[in-house]
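**Q** This is the structure I have questions about; it appears just below.
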């Protein structure tokens, strides 16, 4: 099941990482100003993999915290970017993490749902490109509730996908705008800032039988 840590660890072991974007996310670069970040602010990337977004944000002077369940992915991030990292162990109330740190980048290797808010108190912004859409519907409310518990005052930029779910089994899963509204209201102001048909440029999804694929981006700000 896509809800399990073991599922994603195996995907990395099997090199089934089509979800990894081999460049900095274009929506992040285009819409970063919505987050009103100042130098040394802290950005959180849940289920971060070895994303290039981490390095890009760090290069702009922000502190970056990621969480990733696959140690293979975390090792790859630091080695592929020629970063020397120190490692330490962190035991939360709900689980254990190996913590990798290099400069203003910190990645907690472990289960997102075992994180505790004490390590994320400095977070002012969250960028979610592939976390919410990685989860089956039954887990998405749990994920959002955990995210709010961890970072209740953080601004969020969220990327989602919409397609006829019956045409393709996820991940990535279809997460509609209506569902996002239901998950986050009434405590957040939600604004759609991007709405793009991306099926034409995605042969792999056409090959899986999709007839429609819409990518949307939202700003989600605490009221």
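The values are calculated or read from the model by the stated rules, or taken from the named source; none is laboratory data. The structure displayed is predicted, hence computed values, not measured ones. Positions of Cβ are generated from backbone atoms using ideal geometry, with glycine treated the same way; all protein chains shown enter the neighbour counts.
**Q** Among (1) at pLDDT 95 or above; (2) surrounded by fewer than 23 Cβ atoms within 10 Å (Cβ to Cβ), there is one condition residue 19 misses while meeting the rest; what is its number?
**A** For residue 19, the failing item is (1).
**Q** Moving on to the next point. Look through 173, 218, 205 and report the one residue that is at pLDDT below 95 and touching a helix residue (DSSP H, G or I) at 6+ places or on another chain (Cβ under 8 Å).
**A** Values: 173 fails: at pLDDT below 95; 218 fails: at pLDDT below 95.
Of the residues listed, the single one that is at pLDDT below 95 and touching a helix residue (DSSP H, G or I) at 6+ places or on another chain (Cβ under 8 Å) is 205.
**Q** Return yes when residue 100 is touching a residue at least 24 places away in the same chain (Cβ under 8 Å), farther than 22 Å from residue 114 by Cβ and either surrounded by 12 or more Cβ atoms within 10 Å (Cβ to Cβ) or over 20 Å from the mean Cα position of the chain (by Cα) (or both) and no when it is not. Can you show your working first?
**A** Working: touching a residue at least 24 places away in the same chain (Cβ under 8 Å): yes; farther than 22 Å from residue 114 by Cβ: no; either surrounded by 12 or more Cβ atoms within 10 Å (Cβ to Cβ) or over 20 Å from the mean Cα position of the chain (by Cα) (or both): yes.
Spelling it out, it is not the case that residue 100 is touching a residue at least 24 places away in the same chain (Cβ under 8 Å), farther than 22 Å from residue 114 by Cβ and either surrounded by 12 or more Cβ atoms within 10 Å (Cβ to Cβ) or over 20 Å from the mean Cα position of the chain (by Cα) (or both).
**Q** Now, a different point. Output the number of residues of the stretch 44-62 satisfying the condition of being within 15 Å of residue 123 (Cβ to Cβ) and more than 11 Å from the chain's Cα centre (by Cα).
**A** Residues meeting the conditions: 3.
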